[in-house]
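Asks: This is the structure, below, for whatever I ask next.
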Amino acid sequence: MLRLSIPNIGEEAIEAVAHVIRSGQLVHGPESEFFEAELVAYLGCKEAILVSSGTAALHLALVALNIGPGDAVLVPDFTFPATANAVKLVGATPVMIDVKPGSYCIDLEKLHETIKQWEGPQQLRAIIPVHEFGYPVDMTAVTSLAKNYDLIVIEDAACALGATHNGIKVGTFGQVGCFSFHPRKTLTTGEGGLLVTNDSVLAARMRRLRSHGVVRTDTGMQFLEAGYNYRLTNFQAAMGRVQLPHLDSWIARRHELAAIYQLELTKLAEQAKLILPTEHIGHSWQTFMLVLPSGIDRDEVIAQLRERGIEGNLGAQSLSCLNIYQSSINRSEFPVAEMLYKKGLALPFCEQLSEDNIRHVVHSLSEVIL
Ligand SMILES: *Cc1c(COP(=O)(O)O)cnc(C)c1O
């Protein structure tokens, strides 16, 4: 089976994990501290706080920024549900905005319109732009909009570690950036996540909320507020540390493979009216998702690809189509997100793929849909 993606865990990473396990230091420890320092250097930000998942990162960011009941938070309608779930979990209301075809990211004009016309009853507090599949959102536009309307920016860069906007790493533009190290992301620690910020007061709060609200002083531990246990383990950090030096070369390879997909798909896209994903400087290409035309049953395509030994999948969800959010929303407002959710097809994509693999996928796809 040609898998959607394969975690890139070499012997070196396995050795590093084994070494930590033998040491007996299993929870947050020296590897976590080194990994945080290396992530600060890689991303070019002031503070990095490892957590147990991307969802934990989103949740902690909202808690630490005091977003809660009575507040509304703007999110793209096309994303992984965790983006909106985190908002709901702190008691705030997610407000969905449609996305653009091609980038699959938040539609900035619609975002602006919604902000301008906002009448409550909740107070608009924050925007969570999602760098979907690694496509960098125009953070210059988002941050200027946020500044004009006094909104907080929390970047959901869960699938965009290494992506850049104007040469600057995404995740570092907002008050807080959130990343995931889930196995479907380019760098993985199994479960895992990261918070980054340039605000050291906020960082201190997120750090103590990560671990029971505790701070350690000369006189012992002080419990300052009710916190969580959202720590990443020392052995997971060791696994991530080994991968980080390779990340940029993996992303470069992903650009090459995306270009090969685009080339091989040119003819089929014309014949079958496919929408292909847009290339962009700074894209980190976590996923390669194309969009099938309305007449083709995506799930049937996935089933037929599977018979040919190829794993396909949907790309992400349209929040307004999900049971949890359906009732509160006028569904006609999200035509693009709904189309991407229902007709999006993610194809096998990771740096270990060969050009022949890609030609085989495209050939099989044309057999299935033509
Ligand atoms: C993967 C992902 C998440 C969730 O990350 P986990 O580590 O699985 O909790 C959140 N948002 C987006 C956009 C993602 O792609």
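Any read-out appearing in this document is the output of simple, stated calculations on the displayed coordinates, not a laboratory observation. This one's a predicted model, so the numbers in the text were calculated from it and none came from an experiment. Quick reminder, even Gly has a Cβ in these numbers, built from the backbone with ideal geometry, and neighbours come from all protein chains shown.
Asks: Based solely on its DSSP helices, what 222 nm [θ] is calculated for the chain when runs of n ≥ 4 H residues each add -39,500 (n - 2.57) and the sum is averaged over all residues, nearest 500 deg cm²/dmol? Kindly include the intermediate steps, with their values, before the conclusion.
Replies: Numbers: 13 runs with 150 residues, N = 370.
After summing the helix terms and dividing by the residues of the chain, the value is -12500 deg cm²/dmol.
Asks: Calculate how many DSSP beta bridges within the stretch 113-229 are antiparallel, expressed in % of all such bridges and rounded to the nearest 5. Present the calculation step by step, with values, prior to reporting the outcome.
Replies: Details: 11 of 17 bridges.
Taking every DSSP beta bridge with both residues in the stretch 113-229, the antiparallel ones total about 65 percent.
Asks: Could you sort the peptides 256-265, 279-288, 23-32, 320-329 by per-residue average Cβ neighbour count (10 Å cutoff), highest mean leading? Numbers along the way, then the final one.
Replies: On the way: 256-265: 17.4, 279-288: 22.0, 23-32: 15.9, 320-329: 13.6.
Put in order of decreasing packing, that is 279-288, 256-265, 23-32, 320-329.
Asks: In the chain, what percentage of the DSSP-assigned beta bridges are antiparallel, given to the nearest 5?
Replies: About 60 percent, rounded to the nearest 5.
Asks: Measure up K273/K342; K88/K169; K116/K147; K110/K273; K116/K343; K267/K343 against 23 Å on the Cα-Cα distance and list the ones that go over.
Replies: Values: K273/K342 16 Å; K88/K169 28 Å; K116/K147 13 Å; K110/K273 26 Å; K116/K343 31 Å; K267/K343 19 Å.
Correct reply: K88/K169; K110/K273; K116/K343.
Asks: Still on this model: Give the peptides 226-233, 152-159, 112-119 in descending order of average Cβ contacts within 10 Å, highest first. Mind dumping the intermediate values first?
Replies: On the way: 226-233: 18.8, 152-159: 27.0, 112-119: 12.5.
Ranking the peptides 226-233, 152-159, 112-119 by packing returns 152-159, 226-233, 112-119.
Asks: Expressed in nm to one decimal, what extension gain is obtained for the pair I296 and E270 from 0.36 nm per residue of sequence separation less their Cα-Cα distance?
Replies: Working: separation 26, 0.36 × 26 = 9.36 nm, distance 1.48 nm.
Extra length available between I296 and E270 comes to 7.9 nm.
Asks: How high is the relative contact order of the stretch 272-352, in percent, with contacts defined as C-alpha pairs under 8 Å that are six or more residues apart? List each step's numbers first, then the result.
Replies: On the way: 101 pairs, mean separation 31.9, N = 81.
Once divided by the residue count of the stretch 272-352, the mean separation gives 39 percent.
Asks: Output the relative contact order of the stretch 187-251, whole-number percent, from Cα pairs under 8 angstrom with separation of 6+ residues. Intermediate results must be reported in sequence, preceding the final value.
Replies: Details: 57 pairs, mean separation 22.3, N = 65.
Relative contact order for the stretch 187-251 comes out at 34 percent.
Asks: Residue-wise, which Karplus ³J(HN,Hα) couplings in Hz belong to the stretch 145-157, taking 6.51 cos²θ - 1.76 cosθ + 1.60, θ = phi - 60°, and x for glycine or proline?
Replies: 4, 4, 5, 4, 10, 6, 10, 7, 10, 10, 7, 8, 9
Asks: Rounded, prolate or oblate: pick one for the stretch 238-370, where a ≥ b ≥ c are the square roots of the eigenvalues of its C-alpha gyration tensor, a/c under 1.5 means rounded, and failing that, prolate if a/b is larger than b/c, else oblate. Can you show the working numbers first?
Replies: Values: a/c = 1.89, a/b = 1.22, b/c = 1.54.
Cα axes put the stretch 238-370 in the oblate bin.
Asks: Report the gain in length on full extension from E15 to V201: 0.36 nm times residue separation, minus Cα-Cα distance, nm rounded to one decimal. Working shown, then result.
Replies: Details: separation 186, 0.36 × 186 = 66.96 nm, distance 3.63 nm.
Difference between extended and current length: 63.3 nm.
Asks: Which of rounded, prolate or oblate describes the chain when judged by the alpha-carbon gyration tensor and an a/c cut-off of 1.5? Show your work: numbers first, answer last.
Replies: Numbers: a/c = 2.01, a/b = 1.22, b/c = 1.64.
Oblate, because a/c is 1.5 or more while a/b does not exceed b/c.
Asks: Net charge around T197, counting only other residues with Cβ within less than 15 Å of its Cβ (Lys, Arg = +1; Asp, Glu = -1)? The partial results should precede the final answer.
Replies: On the way: positive: K46, K169, R205, R207, R208, R210; negative: E36, E47, E155, D156, D199.
Computed value for this residue: +1.
Asks: Note down the net charge around R184, summing +1 for each Lys or Arg and -1 for each Asp or Glu among other residues with Cβ under 15 Å from its Cβ. Let's see the in-between values first.
Replies: Values: positive: R3, K185, R254; negative: E132, D156, E191, E311, E351.
Net charge in that neighbourhood comes out at -2.
Asks: A follow-up question, please. Could you work out the local net charge near L232, counting Lys and Arg as +1, Asp and Glu as -1, over the other residues with Cβ closer than 12 Å to its Cβ? Mind dumping the intermediate values first?
Replies: Details: positive: R210, R231, R241; negative: E31, E33, E36, E191.
Once all neighbours under 12 Å are counted, the net charge is -1.
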